[in-house]
C-alpha cells in the first residue's frame, strides 16, 4: 500500500492552463488537471495541447491528470500525453466499469485512481480494485446518484450512496490500496457543510476528498485535523507503548493493539511522527 495520505485533491480545468500554477500554490495535497468534465467537448483537443505545453515549460511541476473515459475519442491521446511526461505522477480514470479499462490505461506506467461513478462500476469494483496499476479508488457521488436514479440531496439518496462508500472502503482494504478519496462537495460557499462532509468521509475510512475550488482546501485540512486533546492522548499512548508491553493502561483505560493503531492513525493525520 502507498502510505501517503491524501486529504485534498484539487481539480483545475486543462482548458485554463494559467490556473495550474495558482492551484499548485494553494496547498492541496494533489492537483488534478482535468481533461474530462471540466472541459467542454469543442475545447478538449486544445486543452490537451495546452497541458502538453505547460508540462514542457514546467518540468518541475508534479500533477495528476483526469483523462477522458474509455470510449471517448480523446482517451488514447490523453493516455499518451500522460505517458510522455515525468511531471504526470498519477492518472484518474473516470466512469470506470471494468478491470480491462484499467489495464489499458496502465500502459502509461503511472499510478491509476479509478473513479466509480456508475452501477456497472460498482458491480465490477472487486476486479477493478485488484487490477494492476491501481493505487487508490475514488468516487463520484453525483454521477452515481444520477445513474441509480436517486433523488439528489435527500436522506434516502444519502443512505444509498453511503452503501457505495462502504463498498469502496471495503474493496480498498481487501486489495491493500491506499485510503480512497470521497466525492466532491458541490456547494462552494458552504464551509460548515463542507467541514462536516470531510469529517464524515474520514470517519467512514476515506483518506480525504476531491475538491472543486481552491477555497475548499484549507477547510478540509482543518476539518481533518484531530482535536488537540485527542492528539495529546495519542502521544501518551505512543510513549507508553515504547515500554514494550503488549497491553497497558493509559488514563485509566486499557490499550491493546487496536487502540494503539487508532493512536497511530490520529498522529499520522496530524503529520506527527514522534511522541513529543
Can you tell me how many residues in region 45-65 are out of contact with any helix residue (DSSP H, G or I) (no Cβ under 9 Å at 6 or more places or on another chain) and in a helix (DSSP H, G or I)?
4
Regarding region 79-100, can at least one residue be identified that is surrounded by 24 or more Cβ atoms within 10 Å (Cβ to Cβ) and farther than 24 Å from residue 207 by Cβ?
no
Of (1) closer than 23 Å to residue 45 by Cβ; (2) within 19 Å of the chain's Cα centre (by Cα); (3) not in a strand (DSSP E or B), residue 78 satisfies every one except (2)
From (1) touching a residue at least 40 places away in the same chain (Cβ under 8 Å); (2) out of contact with any helix residue (DSSP H, G or I) (no Cβ under 6 Å at 6 or more places or on another chain); (3) surrounded by fewer than 23 Cβ atoms within 10 Å (Cβ to Cβ), pick out the condition that doesn't hold for residue 26.
(2)
Whichever residue in region 82-112 is part of a strand (DSSP E or B) and free of Cβ contacts under 8 Å to residues at least 60 places away in the same chain and, among such residues, is farthest from residue 51 (Cα to Cα)
112
For residue 249, are the conditions met, namely being surrounded by 10 or more Cβ atoms within 10 Å (Cβ to Cβ) and assigned to a helix (DSSP H, G or I)?
no
Which ones in region 2-15 are crowded, with 16+ Cβ neighbours inside 10 Å and either farther than 14 Å from residue 66 by Cβ or touching a helix residue (DSSP H, G or I) at 6+ places or on another chain (Cβ under 6 Å) (or both)?
6, 7, 8, 10, 12, 14, 15
Looking at region 110-123, is at least one residue loosely packed, with under 14 Cβ neighbours inside 10 Å and either closer than 30 Å to residue 58 by Cβ or at pLDDT below 95 (or both)?
no
What residue, among those in region 220-261 that are under 30 Å from residue 117 (Cα atoms) and in contact with a strand residue (DSSP E or B) (Cβ under 9 Å, 6 or more places away or on another chain), is modelled with the lowest pLDDT?
224
When residue 263 is run through (1) surrounded by fewer than 15 Cβ atoms within 10 Å (Cβ to Cβ); (2) in contact with a helix residue (DSSP H, G or I) (Cβ under 9 Å, 6 or more places away or on another chain); (3) not in a strand (DSSP E or B), the failure sits at (1)
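The values are calculated or read from the model by the stated rules, or taken from the named source; none is laboratory data. Quantities reported herein were computed from a predicted structural model and do not represent experimental measurements. Reconstructed Cβ throughout: ideal geometry from the backbone, glycine too, with neighbour counts over all protein chains shown.
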